Amino acid sequence: MSNEQIKNLEEIFEARIARDEKIEPKDWMPEKYRKTHIRQMSQHAHSEIIGMLPEGNWITRAPSLRRKAALLAKVQDEAGHGLYLYSACETLGVSRDELYEQLHTGKAKYSSIFNYPTVTWADMGAIGWLVDGAAIINQVPLCNTSFGPYARAMVRVCKEESFHQRQGFEIMLKLCNGTQEQKDMAQDALNRWWWPSLMMLGPTDAESIHTEQSMKWKLKRKSNDDLRQQFIDQTVPQAELLGLTIPDPDLKWNDEKGVYDFGEIDWDEFWQVVKGHGPCNKKRMKDRVSAWDNGKWVRDAAMAHAEKKEAKKLKEAI
Amino acid sequence: MSKNWPLWEIFVRSKNGLEHRHFGSLHASDAEMALENARDVYTRRSEGVSIWVVESSNITASNPENNGELFEPAQDKVYRHPTFYDLPDEVKHM
């Protein structure tokens with residue numbers, strides 16, 4: 001195809017997206033669109049899969065059967081979300097194995113937030129409330145993104161995500177209405193998860209390299225800074241309801257702008273964690289890779305069994 | 001030996017009276033496992049009463065590049081629609 005023809009196709013393509021038409025896997029698409037989608041969808045899938053690890057840490061130690069059943073269901077949902085997203089990603093012609101390979105070798109990233117440790121039960125509350133809260137803000141606009149399989153997967157993810165946040169808030173509420181020690185535990189969890197949750201919404205607009213293109217393709221509907229502001233404005237009143245203090249001395253209501261002003265985010269910390277120097281990066285990767293490696297004999301045995309059954313069926317047919 | 005589990009397309013009937021609809025795909029070693037995994041992946045909240053699984057490699061799909069010759073001929077056959085026919089207003093129930 002000549003450059004002119006490609007340029008022409010690209011214009012038709014961009015116009016389709018501008019008209020809110022969906023792009024489906026077999027449609028012609030610019031190579032950059034395909035690559036960007038593989039990158040974003042797989043990062044998203046990896047985040048769901050790695051995201052199971054910090055919470056998995058507390059399943060066996062949940063304080064009641066009710067909490068345990070809920071946490072187990074939440075972690076199972078995350079596995080499901082990872083699978084929806086991997087399968088959406090595979091429609092672009094990349095294999096599951098390649099995607100895992102990228103995760104396991106560190107070539108692909110996952111959300112940095114999962115590189116922080118979960119040291120108390122209150123962290124299950126804070127993660128549901130804050131981390132899932134920030135995730136919902138990120139994800140809801142993606143239900144209308146231009147790539148059909150991604151949009152459909154996100155509709156399903158968003159439907160299920162609301163239970164995650166509510167169960168987290170309920171854990172916090174229970175602790176905050178408990179003994180002083182329990183309330184302190186909740187405050188401590190908020191102190192540790194607040195800033196990483198703000199970072200989760202991505203670098204500031206000035207530093208965000210993908211924003212403009214992503215807006216055009218509807219991979220993004222609002223900028224990182226706008227999403228962050230939205231998250232803060234909706235979360236502060238929830239913290240007040242819990243009787244907890246947001247760990248930011250500069251946080252205050254700005255009457256003129258109608259939003260909360262907030263303090264400086266430590267972006268050095270963010271980039272350190274992204275680059276692999278967070279408190280749990282190595283552990284997360286080790287746990288993930290060893291789960292995959294240790295499961296190999298099971299996958300192989302299942303495949304061998306399936307082939308044997310198939311061969312037997314064929315033999316009987318003859 | 002390392003052979004990857006094949007990909008399966010999953011179709012779910014939400015309730016009796018409705019058709020099976022494509023829900024997504026997943027990997028499984030055989031059809032039986034695909035059914036079991038589909039139950040866990042796509043119907044955790046009573047989304048279905050029946051599941052079909054089809055190995056993806058068995059699906060033949062039309063190519064969007066041929067959409068013109070495939071689908072455009074229908075556009076100039078308006079006589080296939082009831083509104084093509086002019087009838088007097090007095091005609092009822094038609």
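Here the scattering of the stretch A:161-316 is modelled by Debye summation over its C-alpha atoms, one equal scatterer each and no solvent; at q = 0.09, 0.13, 0.15 Å⁻¹ the log10 of I(q)/I(0) is -0.51, -0.85, -1.01. Dimensions of the stretch A:1-130 along the principal axes, based on C-alpha atoms and rounded to the nearest Å, stand at 64, 33, 20, largest first.
Per residue of chain A, the DSSP helices (runs of n ≥ 4 H) give a summed -39500 (n - 2.57) that works out to -21500 deg cm²/dmol at 222 nm.
Assuming charge only on the beta carbon of Lys and Arg (+1) and of Asp and Glu (-1), the dipole of the stretch A:20-104 about its Cα centre is about 480 debye to the nearest 20.
Loop-only check: which trypsin sites (Lys or Arg not before Pro) in the stretch B:14-51 are DSSP coil with at most 14 other Cβ within 10 angstrom? Write out the running numbers ahead of the final one.
Values: sites: B:15, B:21, B:39, B:44, B:45; in loops: B:15, B:44, B:45.
Qualifying residues, ordered by number: B:15, B:44, B:45.
Modelled label positions at residue A:204 and residue A:66, each set 7 Å beyond Cα in the direction of Cβ, lie 4.4 nm from each other. Semi-axes of the equivalent ellipsoid of the stretch A:34-76 are 30, 9, 4 Å, computed as sqrt(5λ) over the eigenvalues of the C-alpha gyration tensor in descending order. Please identify which residues in the stretch A:222-266 have an amide N closer than 11 Å to a label point set 7 Å out from the Cα of residue A:120, following the Cα→Cβ vector. No residues fall inside that zone. Binning all Cα-Cα separations of chain B at 5 Å, short to long from zero, yields these whole-percent fractions: 3, 11, 15, 12, 10, 10, 10, 10, 8, 6, 3, 2, 1, 0, 0, 0. Since only A:119, A:153, A:92 are under comparison, the one whose Cα sits farthest along the positive direction of the charge dipole of the stretch A:68-192, derived from C-beta charges on Lys, Arg, Asp and Glu, is A:153.
Any idea what the dipole of the stretch A:155-280 comes to, in debye rounded to 20, about its Cα centre with Lys/Arg Cβ at +1 and Asp/Glu Cβ at -1?
Details: 15 positive and 22 negative charges, 165 e Å.
Charge dipole of the stretch A:155-280: 800 debye, to the nearest 20.
The trypsin sites (Lys or Arg not before Pro) of the stretch A:12-79 that DSSP puts in a loop, and whose beta carbon has at most 16 other beta carbons within 10 Å, are A:19, A:26. Here the alpha carbons of the stretch A:76-187 define both size measures, Rg and Dmax, at 16.8, 55 Å. Take the Cα radius of gyration of the protein assembly as shown and divide it by 2.2 N^0.38 Å, N being the number of residues; the result is 1.15.
Report the semi-axes of the equivalent ellipsoid for the stretch A:216-271 in whole Å, largest first, where each axis is √(5λ) for an eigenvalue λ of the Cα gyration tensor.
Its equivalent ellipsoid spans semi-axes of 23, 16, 12 Å.
At most 15 other C-beta atoms within 10 Å and a DSSP loop state: those are the exposed GluC sites (Glu not before Pro) I care about. Give me the longest piece of chain A that has none. Result for the longest clean stretch: A:22-255. Compactness of the stretch A:229-318 is given as radius of gyration and Dmax, 26.7, 82 Å, from Cα positions.
What is the magnitude of the charge dipole of the stretch A:82-176 about its Cα centre, with +1 placed on the Cβ of each Lys and Arg, -1 on the Cβ of each Asp and Glu, and no other charges, expressed in debye to the nearest 20?
180 debye
For the stretch A:84-118, the list of trypsin sites (Lys or Arg not before Pro) that fall in a loop by DSSP and count at most 12 other C-beta atoms within 10 angstrom reads A:107. Diffusion coefficient of the stretch A:168-242 by Stokes-Einstein, Kirkwood radius over Cα pairs, 25 °C, 0.890 mPa s: 172 µm²/s.
FRET efficiency for residue B:4 and residue A:215, Cβ-Cβ distance as r, R0 = 35 Å, nearest 0.05? That pair, residue B:4 with residue A:215, gives E of 0.45.
What is the fewest-to-most order of A:268, A:27, B:86 by other Cβ atoms lying within 10 Å of their Cβ? List each step's numbers first, then the result.
Values: A:268 8, A:27 17, B:86 5.
Fewest to most other Cβ atoms nearby, the residues stand as B:86, A:268, A:27.
Site-free segments of chain B were taken between GluC sites (Glu not before Pro) in DSSP loops having at most 16 other Cβ atoms within 10 Å, sites themselves excluded; the longest one is B:48-89.
Every read-out reported here was derived from the displayed coordinates using simple, explicitly stated rules and does not represent laboratory data. Since this is a predicted model, take the numbers as computed values, not measurements. We place every Cβ from the backbone using ideal geometry, glycine too, and count neighbours over all the protein chains shown.
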